[in-house]
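Trainee: Here's a structure for you.
The values are calculated or read from the model by the stated rules, or taken from the named source; none is laboratory data. All values reported here derive from a predicted model rather than from experimental measurement. A quick note on method: Cβ atoms are made from the backbone with ideal geometry, for glycine too, and the neighbour counts reach across all protein chains shown.
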């Protein structure tokens with residue numbers, strides 16, 4: 001047995017047996033849809049554990065992937081630790097180079113779900129970009145939905161992002177930068193303020209000031225992606241921007257005029273009441 005990951009996997013297996021979460025290694029294997037004979041080979045040091053078995057053990061029993069791959073942190077995921085972290089699935093081309101997976105709006109609810117079928121990723125669009133910086137590390141792109149990030153990002157834009165490793169969240173997430181936050185139920189594109197060391201949370205801000213900022217606890221976050229570029233389906237002409245600003249100003253004028261009339265009517269009502277007394 002050459003893999004230290006396999007050794008740590010066996011430690012986790014032995015621990016859940018000790019805690020009584022499984023009655024036997026056979027039950028453990030069957031619960032992962034894995035052959036008991038193959039698991040026996042792993043436990044005897046004759047073969048290494050596969051990524052697919054690790055993924056299932058993370059989903060089923062909360063094996064901590066950070067512990068398995070780095071030896072750091074607890075053996076099992078906890079609410080106070082990395083409860084939402086999941087193994088990252090990547091897609092490669094024939095040369096073994098990672099491709100950029102795109103997650104469109106219709107797929108985002110499924111992407112944020114608790115359980116993902118491996119075939120889900122195979123059905124997502126995948127592509128490459130010529131810039132060298134997108135050939136190093138893992139990258140993913142997401143559709144922007146809604147108007148919460150206007151005027152920085154508009155609905156229909158796509159953001160190209162690089163993966164932020166969970167162990168680097170506290171130190172590498174920069175205040176006032178835009179990130180994609182994948183929670184246990186949603187995919188969010190927000191401007192982030194790092195509060196992990198203070199309150200184990202991230203404070204999410206929208207560029208559209210109509211939306212109030214709010215905090216998301218770390219234990220509910222599955223993935224974090226740093227936004228590096230935007231792909232926009234259109235560029236508004238200067239005249240369109242000018243018309244938009246003019247319409248906004250006109251609307252504000254009308255609101256101010258309405259408020260002024262209401263205030264004048266209120267003053268008149270108060271004067272009448274005073275005169276009657």
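Trainee: Being over 25 Å from residue 169 (Cα atoms) and modelled with pLDDT under 80 narrows it down to one of 232, 260, 239, so name that one.
Mentor: On the way: 232 fails: modelled with pLDDT under 80; 260 fails: modelled with pLDDT under 80.
Selected residue: 239, the only one of 232, 260, 239 that is over 25 Å from residue 169 (Cα atoms) and modelled with pLDDT under 80.
Trainee: From the list 39, 19, exactly one residue is modelled with pLDDT under 90 and within 18 Å of residue 58 (Cβ to Cβ). Which is it? So that I can check it myself, show each step before the final result.
Mentor: Numbers: 39 fails: modelled with pLDDT under 90.
The unique qualifying residue is 19.
Trainee: How many residues does the stretch 1-21 hold that are farther than 18 Å from residue 72 by Cα, in contact (Cβ under 8 Å) with a residue 24 or more places away in the chain and either part of a loop (DSSP other than H, G, I, E, B) or over 33 Å from the mean Cα position of the chain (by Cα) (or both)?
Mentor: 3
Trainee: Could you run through the stretch 112-139 and say how many residues are under 22 Å from residue 54 (Cα atoms), touching a strand residue (DSSP E or B) at 6+ places or on another chain (Cβ under 8 Å) and surrounded by fewer than 15 Cβ atoms within 10 Å (Cβ to Cβ)?
Mentor: Residues flagged as under 22 Å from residue 54 (Cα atoms), touching a strand residue (DSSP E or B) at 6+ places or on another chain (Cβ under 8 Å) and surrounded by fewer than 15 Cβ atoms within 10 Å (Cβ to Cβ) within the stretch 112-139 amount to 1.
Trainee: Test residue 207 against the criterion of being part of a loop (DSSP other than H, G, I, E, B), over 22 Å from residue 102 (Cβ atoms) and under 17 Å from the mean Cα position of the chain (by Cα), and give yes or no. Steps first, please.
Mentor: On the way: part of a loop (DSSP other than H, G, I, E, B): yes; over 22 Å from residue 102 (Cβ atoms): yes; under 17 Å from the mean Cα position of the chain (by Cα): no.
So residue 207 does not fit the description; no.
Trainee: Still on this structure, please answer the following. Looking at the stretch 56-67, which of its residues are free of Cβ contacts under 8 Å to residues at least 60 places away in the same chain and not in a loop (DSSP other than H, G, I, E, B)? Break it down stepwise before answering.
Mentor: Within the stretch 56-67, the first condition is being free of Cβ contacts under 8 Å to residues at least 60 places away in the same chain, and the residues that meet it are 56-65, 67.
Of everything in the stretch 56-67, those that are free of Cβ contacts under 8 Å to residues at least 60 places away in the same chain and not in a loop (DSSP other than H, G, I, E, B) turn out to be 56, 57, 58, 59, 60, 61, 63, 65, 67.
Trainee: Examine the stretch 140-150 for a residue that is assigned to a helix (DSSP H, G or I) and either surrounded by 14 or more Cβ atoms within 10 Å (Cβ to Cβ) or outside the structural domain of residue 55 (by TED's automatic domain parsing) (or both), and state whether such a residue exists. Working first, answer last.
Mentor: So the first thing to find is which residues in the stretch 140-150 are assigned to a helix (DSSP H, G or I), and the list is none.
Checking the stretch 140-150: not a single residue is assigned to a helix (DSSP H, G or I) and either surrounded by 14 or more Cβ atoms within 10 Å (Cβ to Cβ) or outside the structural domain of residue 55 (by TED's automatic domain parsing) (or both).
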